[in-house]
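This report concerns only the one structure given below.
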Amino acid sequence: MFLLIYSSCTIEVSESSNCEEWEFLDNVPQGGLFDGVRWECRPVLEQFEGFWKGQIDTVLESGDLYSQEVCYGDSNLIDDSTIKLNFRLIDDDYFQEYGVYPEYELILDFINWNRGGSSNFSGTFEFVIDSNVFDPIVQNTVSYYGSGQINNFNSSNPSLEFSFEYVFEGATYTTYFDGCKTGCGC
């Protein structure tokens, strides 16, 4: 009895220079095990879809600090250079008063990709925030203006950090977030 193993590998190569600014060239399986791969441009920000966790701190104009744990922040790609980030805060006092946990929805508009690292989709990804959001601290809709970045030199655990300011009734609030991409069990 003998075993015959047949394998063929076909690779379809296209012009890599056709990728847009926020894309990278990647090999994509054609289907079955022996159908080969083809090269295609894919959105680089697609790797950041999924769940984030971390800590958000808001400094009130009085100097008081309001800290909240963020769990299951969900990010979705809107287009090649924009991500929508939804995250629920673990705020038991807010839950006791309103019966739900507060949620934020931020639009991250990416403006710069500083390539680096060992892969063709790593580096630092800089973005700006310009979102109208219901803020649980002031209990009103406010405009968040700020900036941040995703550091992806360790592709198994990229980090996300951002800050923004908003003004409500003449008082300025500054918010900072620091976290990583992963599921968490909060």
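The values are calculated or read from the model by the stated rules, or taken from the named source; none is laboratory data. Predicted model only: the values in this text are computed from it and were never measured. FYI the Cβ positions are ideal-geometry reconstructions off the backbone, even for glycines, and counts take in every protein chain you see.
Which of (1) closer than 29 Å to VAL138 by Cβ; (2) at pLDDT 75 or above; (3) not aliphatic (A, V, I, L, M) is the odd one out, the single condition ASN114 does not satisfy?
Going through (1) closer than 29 Å to VAL138 by Cβ; (2) at pLDDT 75 or above; (3) not aliphatic (A, V, I, L, M) one by one, ASN114 breaks only (1).
Here is a list: TYR72, TYR101. Which entry is under 22 Å from PHE134 (Cβ atoms), assigned by TED's automatic domain parsing to the domain that holds PHE127, in contact with a helix residue (DSSP H, G or I) (Cβ under 9 Å, 6 or more places away or on another chain) and surrounded by 14 or more Cβ atoms within 10 Å (Cβ to Cβ)? So that I can check it myself, show each step before the final result.
Working: TYR72 fails: in contact with a helix residue (DSSP H, G or I) (Cβ under 9 Å, 6 or more places away or on another chain).
Within the list TYR72, TYR101, the selection yields TYR101.
For the structure I just gave you, tell me whether ILE78 is surrounded by fewer than 16 Cβ atoms within 10 Å (Cβ to Cβ), modelled with pLDDT of 85 or more, of a type in the set (A, V, I, L, M) and not assigned by TED's automatic domain parsing to the domain that holds CYS19. Show your work before the answer.
Details: surrounded by fewer than 16 Cβ atoms within 10 Å (Cβ to Cβ): yes; modelled with pLDDT of 85 or more: yes; of a type in the set (A, V, I, L, M): yes; not assigned by TED's automatic domain parsing to the domain that holds CYS19: yes.
When the stated conditions are applied, ILE78 passes them.
Can you report the number of residues in the stretch 129-139 which are within 19 Å of LEU160 (Cα to Cα) and crowded, with 17+ Cβ neighbours inside 10 Å? So that I can check it myself, show each step before the final result.
Within the stretch 129-139, the first condition is being within 19 Å of LEU160 (Cα to Cα), and the residues that meet it are 129-131.
With crowded, with 17+ Cβ neighbours inside 10 Å added as a condition, the list becomes 129, 131.
Adding up the residues that qualify gives 2.
Show the residue pairs meeting these rules: Cβ distance below 6 Å; 6+ apart or different chains; first residue within the stretch 53-80 and assigned to a loop (DSSP other than H, G, I, E, B); second residue surrounded by fewer than 16 Cβ atoms within 10 Å (Cβ to Cβ) and not basic (Lys, Arg).
Going by the 6 Å Cβ cut-off, the qualifying pairs are GLU61/ALA171; GLU61/THR172.
Consider only pairs whose beta carbons are under 8 Å apart and that are at least six residues apart or on different chains; among these, list those whose first residue lies in the stretch 158-175 and is assigned by TED's automatic domain parsing to the domain that holds ILE129 and whose second residue is surrounded by fewer than 14 Cβ atoms within 10 Å (Cβ to Cβ) and outside any strand (DSSP E or B).
As it stands, the answer is ALA171/GLU61; THR172/GLU61; TYR173/GLU61, since those pairs meet every condition given.
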